[in-house]
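Undergrad: To start, I am sharing the structure in question, which I have written as structure tokens.
All of the numbers you see were taken from the coordinates with simple rules; none came from a lab. Note that the structure is a prediction, hence the values are computed from the model and not measured. With ideal geometry, Cβ positions are generated from the backbone for all residues, glycine too; neighbour counts draw on all protein chains shown.
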Amino acid sequence: MRKPLYRLQVHDETLKFTGYVVVDSLVNGLSAGGLRMRQGLPEREVGRLARAMTHKFAAARIPLGGAKSGIDADPRRPDKAQVIARFGELLQPILSSIYLVGEDMGTIKADILNLYRAAGLNPVAVAKRKMSAKGFTVDLPDDFDMFSDESNLEEIMTGFGIAECAEEACGRLGIQLAGATVSIQGFGTVGAGTAQFLVQKGATIVAVADINGTIYRPEGIPVEHLLKARDELGAINRAVLEFDYTKMPREDWLAVDAQILIPAAIADAIHKDNVRRISSKLVIEAANIPVTAEAEKHLQKMNVALIPDFIANAGAACGLGLILSGQCKFDPHEVLQEVAQRIRTATARVLEMSHSKKILPRKAAEKIAEEELAKIKQRF
């Protein structure tokens with residue numbers, strides 16, 4: 001198996017945290033991937049996520065390499081801002097040269113802005129400088145703030161892309177998305193955005209799980225109420241909810257009566273010990289690596305279709321990659337249209353290859369991504 005290009009581990013004795021960066025690949029001298037923060041985060045998980053980012057960009061035909069960073073610390077600790085800032089200071093050499101950072105589990109836009117400010121950098125200016133050296137024109141001003149409340153690009157494009165993936169997969173599996181029932185694990189940036197776009201397409205969200213349990217309502221959850229009741233990390237305040245629902249344990253989100261399951265929270269959420277509880281027809285990996293390899297084999301035996309993470313949740317990576325690589329102008333309509341087309345194409349290819357070659361969906365997706373990566377490296 002191909003090894004990553006760089007592995008970096010940093011420590012801070014004063015703030016008591018360990019952080020990691022894994023750069024899996026470089027294209028045009030750049031890589032990109034989010035910052036994950038959770039207690040007990042191992043370097044191995046960061047490495048798996050970095051490889052997934054390589055495949056995510058490649059499958060979407062974006063000329064960027066894959067990377068990931070992580071902090072082994074509780075994202076709810078009171079000095080989180082100090083930890084993030086210190087991490088940014090320690091990472092300054094690679095942030096200024098080869099690595100672009102976005103959100104991931106346990107971090108939000110404000111955290112990424114804090115990290116870059118501590119490093120004294122503007123990520124757009126760094127990307128433009130690197131891409132200009134390769135002859136690309138990036139349609140963004142140097143002072144553009146990709147993490148501002150006004151732009152909100154990452155939240156919009158991730159949820160949008162997952163909904164497009166769901167619609168394409170449903171169409172090929174004979175499921176009508178309008179009226180289909182959906183259960184979502186996680187209601188942070190990814191889960192909440194996905195729910196909103198699925199509702200716009202007519203789907204019914206029947207269950208949402210967060211750190212405190214599962215909210216179940218078979219007739220449909222009013223998503224707009226959950227949006228008002230959630231905190232920045234996706235925890236829902238039950239005290240302010242104004243509708244009836246059934247309280248269930250948080251692990252029961254995958255056992256409810258729903259046609260589509262969307263894990264949008266933690267890694268390895270679906271595993272050998274709970275996979276047989278699933279009765280759904282389609283699993284869409286909105287989170288990164290939320291299904292173990294063993295569980296994926298069981299899902300295939302159970303005739304449950306699966307769309308891998310780096311295909312389904314590529315919206316933000318694809319959209320920002322299109323802009324930063326000069327493939328799209330900074331026009332929201334143009335970018336979203338291109339994101340939809342690329343994610344739908346990749347989704348269709350995965351389902352077709354998995355079926356025709358009788359291989360696991362992730363193996364099919366990885367094969368497609370590696371083929372596209374080889375083409376990208378030839379061109380760039």
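Undergrad: So, by mean Cβ neighbours within 10 angstrom, what's the order for 223-233, 335-345 with the highest one leading?
TA: So the peptides 223-233, 335-345, ranked by packing, come out 335-345, 223-233.
Undergrad: Determine by what factor the alpha-carbon radius of gyration of the stretch 271-380 differs from 2.2 N^0.38 Å, reporting the quotient.
TA: Ratio of Rg to 2.2 N^0.38 Å for the stretch 271-380: 1.19.
Undergrad: Can you tell me the Rg and Dmax of the chain, counting just the alpha carbons, in angstroms?
TA: When restricted to Cα atoms, the chain yields Rg and Dmax of 19.6, 58 Å.
Undergrad: Could you work out the helix-only [θ] at 222 nm for the chain, with each DSSP H run of four or more residues adding -39,500 (n - 2.57) and the total divided by the number of residues, to the nearest 500 deg cm²/dmol?
TA: -13500 deg cm²/dmol
Undergrad: Follow-up. Arg277 to Ala235: extension gain in nm, 0.36 nm per residue of separation minus the Cα-Cα distance?
TA: Length gained, Arg277 through Ala235: 12.7 nm.
Undergrad: Moving on. When Thr292, Thr189 are ordered from fewest to most other Cβ atoms inside 10 Å of their Cβ, what list results?
TA: Thr292, Thr189
Undergrad: Along Cα→Cβ, 7 Å out, is where each label goes; now give me the distance between the ones at Glu370 and Ser97 in nm to one decimal.
TA: With each label placed 7 Å out from Cα toward Cβ, I get 2.9 nm.
Undergrad: Same structure, new question: Only counting other Cβ atoms within 10 Å, I'd like Asp273, Asp12, Asp210 sorted with the fewest neighbours first.
TA: The order, fewest Cβ neighbours first, is Asp273, Asp12, Asp210.
Undergrad: May I pose another question? Please compute the length gained on full extension between Lys329 and Glu89, using 0.36 nm multiplied by the number of residues separating them and subtracting their Cα-Cα distance.
TA: Gain on extension, Lys329 to Glu89, equals 83.2 nm.
Undergrad: Across all directions of projection, what mean area in square nanometres is found for the Cα convex hull of the stretch 169-271?
TA: Mean projected area of the Cα convex hull: 6.3 nm².
Undergrad: Tell me, how many Å apart are the Cα centres for the stretch 321-380 and for the stretch 24-94?
TA: 21
Undergrad: While we're looking at this one, here's another question. List the relative contact order of the stretch 155-379 as a percent without decimals, with contacts defined as Cα pairs under 8 Å and 6+ residues apart.
TA: With pairs under 8 Å counted, the relative contact order is 20 percent.
Undergrad: Restricted to Cα positions, what overall size does the stretch 39-118 have along the principal axes? Three whole-Å values, descending.
TA: Result for the stretch 39-118: principal-axis Cα extents of 39, 27, 20 Å.
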